[in-house]
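Trainee: First, the structure itself, so that you have it in front of you.
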Amino acid sequence: MLVKAFVVAMAADIARSDYAKPTLIRSRSREWLIACRWGPDGEYLSIATAGAMRDSHGLAAPDTIAPIHSLFGVLVSESEKEAASTFLLVRQLPLPIELAGTFFPADGYVLLQQRETISLVCKTRYSHSCGWLDGREVRKDIPDPAPSSAEAMAWHIEATCRNWIGEFIAGSMQHERRAIRATG
């Protein structure tokens, strides 16, 4: 059974590429993410950047990670048989949704898999302008960015769940993860 509510830390490999040609990789990094699924039917997913990974192994997330920039997705399909859910990322945050960190407008998709652990693959691109409102960073979508804009690029993300003190997993997967921790 798929878990419809969780907050987990994930170790991520992120490749940044050209907005107009997403196959052209410009840089790579390893970062912590915080993934959160919620809603009455588990229909929302947020993925927040939470800082660079200092330890290349990333066996456990640091206690102090916190959301920086948050992508937001809406459930588009789900398969119990495949243990997978697909979410579409959005460029405008629906009201009354509020996110931790700064909303990061983007389009693309997230394939969330729940097998032995929670993992995801995300393909997205974004173009936005940055500003400030009431002392908080704000990013607004730009639908047709200028060529080679510094605020327009694509991301390829692959991430897997890691142990973290801030973790919450509803249902049976929580018991399985506790059993895995106890034996390993």
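The values are calculated or read from the model by the stated rules, or taken from the named source; none is laboratory data. Since this is a predicted model, take the numbers as computed values, not measurements. Neighbour counts are summed over all protein chains in view; Cβ atoms, including those assigned to glycine, are modelled from backbone coordinates with ideal geometry. Remember, those area values only see protein heavy atoms, side chains included, never the ligands or the DNA or RNA. Shrake-Rupley method; radii C 1.70, N 1.55, O 1.52, S 1.80 Å.
Trainee: When R54 is evaluated against the numbered criteria (1) farther than 21 Å from S129 by Cβ; (2) touching a residue at least 12 places away in the same chain (Cβ under 8 Å), which criterion, by number, is the only one it fails?
Mentor: Only one criterion in (1) farther than 21 Å from S129 by Cβ; (2) touching a residue at least 12 places away in the same chain (Cβ under 8 Å) is unmet by R54, namely (2).
Trainee: Is at least one residue of region 20-27 basic (K, R) and closer than 19 Å to A106 by Cα? Give the derivation first.
Mentor: From region 20-27, those basic (K, R) are 21, 26; that's our starting set.
Retained after the next criterion (residues that are closer than 19 Å to A106 by Cα): 21, 26.
Yes; the residues of region 20-27 include at least one that is basic (K, R) and closer than 19 Å to A106 by Cα.
Trainee: Let me ask another. Restricting region 141-184 to residues that are closer than 30 Å to C130 by Cα and open to solvent by 90 Å² or more (accessible area, probe 1.4 Å), which is modelled with the highest pLDDT?
Mentor: E158
Trainee: Here's a follow-up. Please find, within region 56-95, the residue that is farthest from the chain's Cα centre (by Cα) out of those that are closer than 12 Å to D107 by Cα and among the aliphatic types (A, V, I, L, M). Don't jump to the end; show me each part of the working.
Mentor: Here is the first cut: in region 56-95, the residues closer than 12 Å to D107 by Cα are 71-74, 87-93.
Keeping just the survivors that are among the aliphatic types (A, V, I, L, M) gives 71, 74, 88-90, 93.
Details: L71: 6, V74: 12, L88: 12, L89: 10, V90: 12, L93: 15 Å.
Selected residue: L93.
Trainee: So is V138 surrounded by fewer than 14 Cβ atoms within 10 Å (Cβ to Cβ), in a strand (DSSP E or B) and in contact (Cβ under 8 Å) with a residue 12 or more places away in the chain or not? So that I can check it myself, show each step before the final result.
Mentor: On the way: surrounded by fewer than 14 Cβ atoms within 10 Å (Cβ to Cβ): yes; in a strand (DSSP E or B): yes; in contact (Cβ under 8 Å) with a residue 12 or more places away in the chain: yes.
So V138 passes the test.
Trainee: Further, regarding this structure: Mind listing whichever residues of region 40-57 are modelled with pLDDT of 95 or more and open to solvent by 20 Å² or more (accessible area, probe 1.4 Å)? Talk me through it step by step, then tell me what you get.
Mentor: Restricting attention to region 40-57, the residues satisfying the condition of being modelled with pLDDT of 95 or more are 42-50.
If the condition is that a residue be modelled with pLDDT of 95 or more and open to solvent by 20 Å² or more (accessible area, probe 1.4 Å), then E43, Y44 are the ones that fit.
Trainee: Going by the structure shown, is R30 out of contact with any Cys (no Cβ under 6 Å at 6 or more places or on another chain), of a type in the set (K, R), without any contact (Cβ under 8 Å) to a residue 60 or more places away in the chain and open to solvent by 50 Å² or more (accessible area, probe 1.4 Å)?
Mentor: yes
Trainee: Another one. Has region 76-95 got at least one residue that is surrounded by 16 or more Cβ atoms within 10 Å (Cβ to Cβ), at positive phi and modelled with pLDDT under 95?
Mentor: No: region 76-95 contains no residue that is surrounded by 16 or more Cβ atoms within 10 Å (Cβ to Cβ), at positive phi and modelled with pLDDT under 95.
Trainee: Looking at this structure, is Y109 open to solvent by 40 Å² or more (accessible area, probe 1.4 Å), within 30 Å of L133 (Cβ to Cβ) and among the aromatic types (F, W, Y)?
Mentor: yes
Trainee: When residues of region 105-134 are filtered for being out of contact with any Cys (no Cβ under 7 Å at 6 or more places or on another chain) and part of a loop (DSSP other than H, G, I, E, B), how many remain?
Mentor: The qualifying residues number 5.
Trainee: Here is a further query. Go through region 63-81 and give me each residue that's touching a residue at least 24 places away in the same chain (Cβ under 8 Å) and either more than 17 Å from D41 (Cβ to Cβ) or among the small types (G, A, S) (or both).
Mentor: To start, the set of residues in region 63-81 that are touching a residue at least 24 places away in the same chain (Cβ under 8 Å) comprises 63, 65-76, 78, 80.
D63, I65, A66, P67, I68, H69, S70, L71, G73, listed by residue number.
Trainee: Since S127 meets every condition but one in (1) open to solvent by less than 40 Å² (accessible area, probe 1.4 Å); (2) under 17 Å from C161 (Cα atoms); (3) not aromatic (F, W, Y), which condition does it not meet?
Mentor: (2)
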